[in-house]
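Some notes on the structure that comes next.
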Amino acid sequence: MPTSPSSIRLLTVDAAGTLVRPWPSVGAVYGRTAREHGIEASDEEVNAHFYQTFGKLQTCKKTNSGEESEFWRQVVTETFRPFAGDQNLDPLFEELWDLFAKGDCWKLAEHAQSTLTILRERGYQLAVLSNNDSRLRSVLADLAIDQSFDHLFISSEMGCEKPEPEIFRKVEVAMGRQPAEILHLGDSHSRDFLGARNAGWDALLFGEPKLEELQITCFSELLDHLP
C-alpha cells in the first residue's frame, strides 16, 4: 500500500530525466560538437547511437568516484566510432565531458523551482538522489537550484547506486529518516520507482508513458501528493 502522505517528511528527487534534462538534447550537443571536430553525423543519428550505446553499457557502469569519466569515455567512443573511423576521439570526449558539467547543456523541469519552494515552505526536507557523478553539483549550481535542497546524494560519491538497497539505506542514515517517511520521485521504473518501493519508501514515477497509477508528468502535481 502507498505510504500515507501525512507521514512523509522527506522528498528525494532524481536528477537527469526528472529534475533536469539535456538541452536541447544529447544528440544536438553531441552532434554539434562532433562536427566541430570534423565528424559528420546528424543529430538524429548521434542521438540514436548514444541511447543504444548508453543502454548497453549502463548495466556494467562503474559507480566509484574517479571511474565515471572512463564510463563516459567509452560511451562517447562507441557512439561515434561508426562515424569517425580511426580518428582519435579523446579530444571530443574531453570537450563533451566539460560541456555537460555546465548548466548551459541542461534545462530545469518546468515548475520545478516553484514547486520545491512551496514544499520547503510546507516543511518538507528535500534532497537529490541521483545515479550521476560530481559534475552534477556544478550543473545544479549553474541552474540556481542546488540551494533548494538540504542534501545532494550522488552515486559516484557514495560507491553505490539505485536500485541497490544500500544507497537508500545511506540516505536514511544521513537524513535521520525512516523508510516510511520518504517519498522518491524519478523517471526510471526500475531504478527509481521499484528501487524505492523495494527499500520500503513511497515512490512516484515521473514522465511518460503511463506505467503506474502513482505517476506524475509535471512537478506541480507533487503538491497534490505532499499537502
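The values are calculated or read from the model by the stated rules, or taken from the named source; none is laboratory data. Computed from a predicted model, the values in this text were never measured in an experiment. Positions of Cβ are generated from backbone atoms using ideal geometry, with glycine treated the same way; all protein chains shown enter the neighbour counts.
Annotations for the structure displayed:
- Count of region 89-112 residues which are under 16 Å from the mean Cα position of the chain (by Cα) and free of Cβ contacts under 8 Å to residues at least 24 places away in the same chain: 0
- If you go through region 141-190 and keep only what is acidic (Asp, Glu), assigned to a helix (DSSP H, G or I) and within 17 Å of the chain's Cα centre (by Cα), you end up with ASP142, ASP146, GLU157.
- From PHE153, PHE206, PHE149, residue being at pLDDT 95 or above, surrounded by 17 or more Cβ atoms within 10 Å (Cβ to Cβ), under 26 Å from GLY103 (Cα atoms) and in contact with a helix residue (DSSP H, G or I) (Cβ under 6 Å, 6 or more places away or on another chain): PHE153
- Unique match (being more than 27 Å from HIS151 (Cα to Cα) and either assigned to a helix (DSSP H, G or I) or out of contact with any strand residue (DSSP E or B) (no Cβ under 8 Å at 6 or more places or on another chain) (or both)) among GLU78, GLU110, GLU70: GLU78
- Close pairs from region 173-187: first more than 20 Å from LEU214 (Cβ to Cβ) and in the same structural domain as VAL128 (by TED's automatic domain parsing), partner of a type outside the set (Lys, Arg) and crowded, with 18+ Cβ neighbours inside 10 Å, Cβ under 7 Å, at least 6 apart: MET175/LEU10; MET175/GLN125; MET175/ALA127
- Residue check for ALA174: over 16 Å from ALA15 (Cβ atoms), surrounded by fewer than 18 Cβ atoms within 10 Å (Cβ to Cβ) and in contact with a His (Cβ under 7 Å, 6 or more places away or on another chain): yes
- Just one of the numbered conditions (1) touching a residue at least 12 places away in the same chain (Cβ under 8 Å); (2) out of contact with any Asp or Glu (no Cβ under 9 Å at 6 or more places or on another chain) is not true of ASP133: (2).
- Identity of the residue in region 54-103, modelled with pLDDT under 85 and of a type in the set (Gly, Ala, Ser), that ends up surrounded by the most Cβ atoms within 10 Å (Cβ to Cβ): SER65
- Region 114-132, subset touching a strand residue (DSSP E or B) at 6+ places or on another chain (Cβ under 7 Å) and assigned to a loop (DSSP other than H, G, I, E, B), residue nearest to ASP150 (Cα to Cα): TYR124
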